[in-house]
């Protein structure tokens, strides 16, 4: 049985029953009877509603490494959930079938709960399932946790009472006020920094690079554990100069201990005509990250590559040997290198 829509957090009423949504950095001005750019926040008579509260489209028990989060309780499970919708419209989206769902709404035709794809899953149930599967964390992922913020917020509070961590896999477009509100319950985030090219963000994503950078810096200052992912799309964000700018930003603003995951692109959605990223470009990007001074730079979507492992920055020995999402060896003991005693940053590195 579908529940009534829930009032959204973070909005300001304006003239003629319009509202400004202050949840993400688009700050959409939403007229009465219309949706925000995310497609899941609806203005009903001057009241902003979230259409996806407790309406889950995807739920899986994943290895935490799949997020990817390599420095958060390695080898643990994360109960991973998502609703439909996204506030970005990336041409290369890997989950476009659920992130780019179009919900019909107009002043003459209000959406109904039955229209929204997904199954009812309460915040109590999501925490209960995480406990049943002995998950160390709940991950709000697959689409964009910002757009189902109210669900993540309530589930996050309950999860903490049950000693379960909360992690976001996010595009980093939350507003400062939304980020500060959820900070007490948000332990870690993998943030997509899709390049350092403002044109790329504008043309292929429909967003502003500077806003993502501001969000990353705020997360760091709030004490949220951050890992950064860059999906390298041939011809768009693969220039060495741009990759050096990404690496330098992470090093200068987020710190040398911030992991950087460099992922190989495969054709998806509206970019089926673009070839997969050449392997040598992924490896070159990793080299750039290490040259810049980053201690943990990983290659993604390259199973068996040496860039999957965690190396000690001091003695250079392999600390965590991986194949894909599987951990084969772990030589981190009580947050330190087993061989030389160097401190390795992260959460739950035992």
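Bear in mind that the values in this text are calculations on the coordinates, not laboratory data. These numbers were taken from a predicted model, which means no experiment stands behind them. Ideal geometry is used to build each Cβ from the backbone, glycine not excepted, and the neighbour counts take in all protein chains shown.
In the elastic network of the chain, a GNM with C-alpha springs shorter than 10 Å, the most mobile of 117, 63, 107 is 107.
Calculate how many DSSP beta bridges within the chain are antiparallel, expressed in % of all such bridges and rounded to the nearest 5. Walk me through the numbers before you get to the answer.
Numbers: 30 of 57 bridges.
Approximately 55 percent, going by the DSSP bridge assignments.
Between the beta carbons of residue 318 and residue 199, assuming R0 = 51 Å, the FRET efficiency works out to 0.85 to the nearest 0.05.
In whole angstrom, note down how far apart the Cα centers of the stretch 165-216 and the stretch 114-132 are. Their Cα centres are 25 Å away from one another.
Express the relative contact order of the stretch 309-350 as a whole percentage, based on alpha carbon pairs under 8 Å and six or more residues apart in sequence. The normalised contact order for the stretch 309-350 reaches 30 percent.
Taking the DSSP bridge list for the stretch 43-194 and keeping only pairs wholly inside it, about 45 percent are antiparallel.
Based on Cα contacts under 8 Å between residues 6+ apart, the chain shows a relative contact order of 13 percent. Shape class for the stretch 309-350, computed from the alpha carbon gyration tensor (a ≥ b ≥ c): oblate, with a/c not under 1.5 and a/b at or below b/c.
Per-residue ellipticity at 222 nm from helix content only, as computed over the chain with -39500 (n - 2.57) for each DSSP H run of at least four residues, stands at -6000 deg cm²/dmol.
Relative to one another, the C-alpha centroids of the stretch 283-322 and the stretch 34-80 are positioned 29 Å apart. DSSP beta bridges confined to the stretch 257-350 are antiparallel in about 70 percent of cases. Please state the shape class of the stretch 84-237: rounded when a/c is under 1.5, otherwise prolate if a/b exceeds b/c and oblate if not, all from the C-alpha gyration tensor. In terms of gyration-tensor shape, oblate. Take the Cα of residue 328, step 7 Å toward its Cβ, do the same at residue 340, and the gap between the two points is 2.2 nm. Model label points for residue 15 and residue 75, set 7 angstrom from Cα along the Cα-to-Cβ axis, are 6.4 nm apart. Spacing of the modelled spin labels on residue 217 and residue 125, each 7 Å from Cα toward Cβ, amounts to 4.3 nm. If a spin label sat at a point 7 angstrom from the Cα of residue 34 along the line to its beta carbon, the backbone N atoms of the stretch 105-120 nearer than 17 Å would be those of 105-111. Can you classify the stretch 6-50 as rounded, prolate or oblate using the Cα gyration tensor, where a ≥ b ≥ c are the square roots of its eigenvalues, rounded means a/c under 1.5, and otherwise it's prolate if a/b beats b/c and oblate if not? Taking the square roots of the gyration eigenvalues as a ≥ b ≥ c, the stretch 6-50 is rounded. Temperature 37 °C, viscosity 0.692 mPa s: under these conditions the Stokes-Einstein estimate for the stretch 40-153, based on its Kirkwood radius over C-alpha pairs, is 218 µm² per second.
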